[in-house]
Amino acid sequence: MASDLPAVAAFTDSFLPTVNGVTYTVSTWRDRWHARGGEMPIVYPRSTHVPENGEYPVSSLPFPFYDGYRIAVPRAPASVRNVDVVHAHTPFGLGVAAWRLAEKCDVPLVATYHTPTAEYAEYVGPDAVTGFVRDASERWERWFLDRADLVLTPSDRTRDHVRDLGVATRIESLQNGVDTEWFRPTDGDDFRARHDLPDGPLVGYTGRHGYEKRLSDLLAAAEGIDATLVFGGDGPAREELEREAAERDVDARFLGFLDRDELPAFYSVLDAFAFPSPVETEGLVALEANACGTPVAGVNAGALSETIVDGETGYHYEPGDVDGFRTAIRRTLDESDRLSENCLASRDDVSVERAIDDLEEHYRSLW
């Protein structure tokens, strides 16, 4: 298929089989770019994922402090050379390879700021070194992002955060987008039966069970609410969360990792999605839930401050306010029909097709 779309080389330190917001965005953007006739080869750390056409793994080692993340040799495969734009989805590892390739080929470098890496410093070592790691991460991010011709952020709030880091290059917000053809309301009865979920209201979360997500706040807020909590996903905090749920005598079901095929039914069976994480740069799962007609009760921090439209697609609460979280969940449940209609009305605004339209405009603005 002939196309005048620029050829784009995407570099990421996080890719399949790990499933998270970055891998979802990179793979979805690639698929949509290809559907429009463009080229977007992906360079990623070698793992158990079997590469498909246009995917180029490089040698890597597991990162001991963060499950699912790998440290790659910062190099660009020889097959990835003849491109018009280099797009880095990481400031580390393969982000360095992306910068080198852009310099060598004299083409623009675009960087998407997906993750505030300083917030994950606690995974690297004891408290005594956390501050050092956080400061070092922010200094490196600032240095790297200043070498890009364009920095993209998934939300306005994240754009402001990057500016606060002192990054002087051009910064634009671009929502990563949701595959609204896939994430749409569906009958959740089979999902409920398959996972033996009880009748009555369901409040859920899916994603990484990391300490930075503050999922224990959800367990605390659930006390006194007549609903079953449903957790999809996995992560280092899961065992502790299961123990806490038992101690609090909260009806919580931990389903483990859910295949992508199950997610539309998961979101659709919920009466409310609960999202206490204050470190999101977009909160993609909240948008996926909305696309399935499920409103969100979430913290008024990070990107969730704008991802959730208070009183329209869900309700906010202030960070650390467990009583406020409980109130937000109750209001979301009580007004779920109205909120759900608003969520469905906003599907086009959050679609990945609109994101790709905007992405193309950003690429073309570099010439």
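The values are calculated or read from the model by the stated rules, or taken from the named source; none is laboratory data. No experiment lies behind these values; they were computed from the predicted model shown. When we count neighbours, we look across all protein chains shown, and the Cβ atoms used for this are built from the backbone with ideal geometry, even at glycine.
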Looking across the stretch 270-286 at residues that are surrounded by 24 or more Cβ atoms within 10 Å (Cβ to Cβ) and among the acidic types (Asp, Glu), the single one that is nearest to SER340 (Cα to Cα) is GLU282
Scanning the stretch 253-269 for residues that are closer than 20 Å to ARG331 by Cα and either surrounded by fewer than 16 Cβ atoms within 10 Å (Cβ to Cβ) or more than 20 Å from the chain's Cα centre (by Cα) (or both) gives VAL269
The residue that is nearest to PHE257 (Cα to Cα), considering only those in the stretch 211-221 that are in contact with a helix residue (DSSP H, G or I) (Cβ under 8 Å, 6 or more places away or on another chain) and crowded, with 22+ Cβ neighbours inside 10 Å, is LEU215
Flagged in the stretch 89-104 as within 21 Å of the chain's Cα centre (by Cα) and surrounded by fewer than 20 Cβ atoms within 10 Å (Cβ to Cβ), in numbering order, are PHE92
Picking from THR153, THR158, THR180, the residue that is touching a Ser or Thr at 6+ places or on another chain (Cβ under 6 Å) and within 28 Å of ASP271 (Cα to Cα) would be THR180
GLY224 meets each of (1) part of a loop (DSSP other than H, G, I, E, B); (2) of a type outside the set (S, T, N, Q); (3) surrounded by 21 or more Cβ atoms within 10 Å (Cβ to Cβ) with one exception, condition (3)
Residues that are at pLDDT 90 or above and outside any helix (DSSP H, G or I): does the stretch 139-147 have at least one?
yes
Q: Evaluate the following for LEU229: is it in contact (Cβ under 8 Å) with a residue 60 or more places away in the chain and either of a type in the set (Asp, Glu) or in a strand (DSSP E or B) (or both)?
A: no
Residue hits (the stretch 9-57; of a type in the set (A, V, I, L, M) and either touching a helix residue (DSSP H, G or I) at 6+ places or on another chain (Cβ under 7 Å) or farther than 23 Å from GLU103 by Cβ (or both)) are ALA9, ALA10, LEU16, VAL19, VAL22, ALA35, MET40, ILE42, VAL43, VAL50
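For the stretch 235-250, state whether one or more residues are assigned to a helix (DSSP H, G or I), crowded, with 17+ Cβ neighbours inside 10 Å, touching a residue at least 40 places away in the same chain (Cβ under 8 Å) and in contact with a strand residue (DSSP E or B) (Cβ under 9 Å, 6 or more places away or on another chain).
No, there is no match, as no residue in the stretch 235-250 is assigned to a helix (DSSP H, G or I), crowded, with 17+ Cβ neighbours inside 10 Å, touching a residue at least 40 places away in the same chain (Cβ under 8 Å) and in contact with a strand residue (DSSP E or B) (Cβ under 9 Å, 6 or more places away or on another chain).
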Pairing a residue in the stretch 307-324 that is among the acidic types (Asp, Glu) with any residue that is part of a loop (DSSP other than H, G, I, E, B), where Cβ atoms lie under 9 Å and the two sit 6 or more apart in sequence or on different chains, gives ASP310/ASN300; GLU312/PRO295; GLU312/SER346; GLU318/ASN300; GLU318/ALA301
Reported set for the stretch 300-315 where residues are assigned to a strand (DSSP E or B) and out of contact with any Ser or Thr (no Cβ under 7 Å at 6 or more places or on another chain) is ASP310
Of those in the stretch 292-317 that are hydroxyl-bearing (Ser, Thr, Tyr) and buried (at least 24 other Cβ atoms within 10 Å of the Cβ), the residue modelled with the lowest pLDDT is THR307
Per the filter on the stretch 171-210, residues of a type in the set (Phe, Trp, Tyr), crowded, with 18+ Cβ neighbours inside 10 Å and either out of contact with any Phe, Trp or Tyr (no Cβ under 9 Å at 6 or more places or on another chain) or assigned to a loop (DSSP other than H, G, I, E, B) (or both) are PHE183
Report whether or not ALA289 is farther than 22 Å from THR23 by Cβ and buried (at least 20 other Cβ atoms within 10 Å of the Cβ). no
The stretch 1-88: strands (runs of 3 or more DSSP E) wholly inside it with 3 or more residues that are more than 20 Å from the chain's Cα centre (by Cα) are 55-58, 60-62
